[in-house]
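*Asks:* Attaching a single structure in structure tokens format; questions to follow.
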Amino acid sequence: MPIISRGFFGRRPQLEDLSRLPPGQYLTEGFPVLSAGPTPRTRLDEWTFQVRGPHGPLQSWTWEEFTALPTESVTVDIHCVTKWSKFDTVWNGVSVDLLLDGVDIGESKFLTAFSDGGYTTNLPLEDATGGKAWVASGFGGEPLDPQHGGPARLLVPHLYFWKSAKWVRGIELHAEDRPGFWETYGYHNHGDPWREQRYSGD
Ligand SMILES: Nc1nc2c(c(=O)[nH]1)N[C@H]1C(S)=C(S)[C@@H](COP(=O)(O)O)O[C@H]1N2
Ligand SMILES: [Mo]
């Protein structure tokens, strides 16, 4: 029985893995922390997740209610605009599909995710529905670490990771698109890593 396996030193990317790396990205084994401000600490008994429409709240869950919702285990590759990618990250989360189930979305075609600390990011609803986005509260089988967005963050793995708002507290639905925090500061409005949509104009 080998005492030292290759995995001990970190998995080397296999040939088929490299086709999973979007243009301009490199693979990392670590999990960098990128936050535009301090890590907010909201008490779980004060935490809610809200779905808001143009005229106010449509749905709201307390932490207790939210954690009682059915979750999915999701294994995905993630890609940061600062060029690191991480393969096979394992999350536990509630799908945005489920959070919007039964909500009358009216004329809405876009959403803004909003977070403790004031961070926002925008997405077309079609990028957040159809099994493409989750509100994740678990990572690697553990509760999500506060520096990575715990108690819960948005997870939108098919777009650059700035779209995955940490410390998310809800989503607001809009008929028209409203650029969020980084989108206002020159990042691309959509952020597809496979099309290298890093900055506005890309
Ligand atoms: N609330 C909030 N969410 C955020 C950010 C942030 O600064 N604040 N940074 C974004 C960016 S640019 C990236 S790359 C990822 C980083 O997530 P991580 O720190 O878990 O790696 O979170 C995104 N979500
Ligand atoms: Mo980022």
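The values are calculated or read from the model by the stated rules, or taken from the named source; none is laboratory data. This one's a predicted model, so the numbers in the text were calculated from it and none came from an experiment. A quick note on method: Cβ atoms are made from the backbone with ideal geometry, for glycine too, and the neighbour counts reach across all protein chains shown. Note: areas computed on protein heavy atoms with side chains; ligands, DNA, RNA excluded. Shrake-Rupley method; radii C 1.70, N 1.55, O 1.52, S 1.80 Å.
*Asks:* Got a sec to turn the phi values of segment 86-97 into Karplus ³J(HN,Hα) couplings, 6.51 cos²θ - 1.76 cosθ + 1.60 with θ = phi - 60°, whole Hz, x for Gly and Pro?
*Replies:* Working through the residues one at a time gives 10, 8, 6, 6, 10, 10, 10, x, 9, 5, 4, 3 Hz.
*Asks:* Considering only DSSP beta bridges where both residues belong to the chain, give the percentage that are antiparallel (nearest 5). Write out the running numbers ahead of the final one.
*Replies:* Values: 35 of 40 bridges.
Here the share of antiparallel DSSP bridges comes out near 90 percent.
*Asks:* Let me ask you something else. Determine the share of the chain's accessible area contributed by carbon and sulfur atoms, expressed in whole percent, with a 1.4 angstrom probe.
*Replies:* Solvent-exposed carbon and sulfur of the chain make up 54 percent of the total.
*Asks:* If packing is taken as the average number of other Cβ atoms within 10 Å across a peptide's residues, how do 82-92, 128-138 rank, most packed first?
*Replies:* Going from most to least packed, we get 128-138, 82-92.
*Asks:* Right, another one. Out of Val94, Leu111, Gln197, whose Cα points farthest toward the positive end of the dipole of the chain (charges: +1 Lys, Arg; -1 Asp, Glu; placed on Cβ)?
*Replies:* Gln197
*Asks:* Any idea which of Val33, Gly186, Leu125 is furthest toward the positive side of the dipole for the chain, if Lys and Arg beta-carbons carry +1 and Asp and Glu beta-carbons -1?
*Replies:* Val33
*Asks:* So, one more: Ignoring GluC sites (Glu not before Pro) that are buried or in helix or strand per DSSP, and keeping those with at most 16 other beta carbon atoms within 10 Å, what is the longest stretch of the chain between them?
*Replies:* Details: sites that count: Glu29, Glu46, Glu107, Glu176, Glu196.
Formally, the longest exposed-site-free interval is 108-175.
*Asks:* Charges only on Cβ, +1 for Lys and Arg, -1 for Asp and Glu: so what's the dipole of the chain about the Cα centre, in debye to the nearest 20?
*Replies:* Using only the charged Cβ atoms, the result is roughly 720 debye.
*Asks:* May I pose another question? Within segment 105-137, list the residues whose amide N lies under 12 Å from a label point set 7 Å along Cα→Cβ of Asp202.
*Replies:* Backbone N within reach: none found.
*Asks:* Same structure again: Specify the inter-centroid distance of segment 74-135 and segment 33-62, based on alpha-carbon positions, in whole Å.
*Replies:* Rounded to whole Å, the Cα centres lie 14 Å apart.
*Asks:* With label points built 7 Å along Cα→Cβ from the Cα atoms of His158 and Val90, find their separation and express it in nm.
*Replies:* Between His158 and Val90, the label points sit 2.4 nm apart.
*Asks:* Follow-up. So for the chain, taking the charge dipole from beta-carbon charges (+1 Lys/Arg, -1 Asp/Glu), which of Val168, Pro54, His79 sits furthest toward the positive end?
*Replies:* Looking along the dipole axis, the top candidate is His79.
*Asks:* Whose amide H sits under 5 Å from the amide H of Val103, counting only residues 5 or more places off or on another chain, with H placed in the peptide plane?
*Replies:* none
*Asks:* A follow-up question, please. Per residue, how much accessible area does the chain have with a 1.4 Å probe, in Å²?
*Replies:* 52 Å²
*Asks:* Further, regarding this structure: I need the per residue convex hull volume for the chain, using only the alpha carbons, in cubic angstrom as a whole number.
*Replies:* Numbers: hull volume 28.2 nm³, N = 202.
Residue-normalised Cα hull volume stands at 140 Å³.
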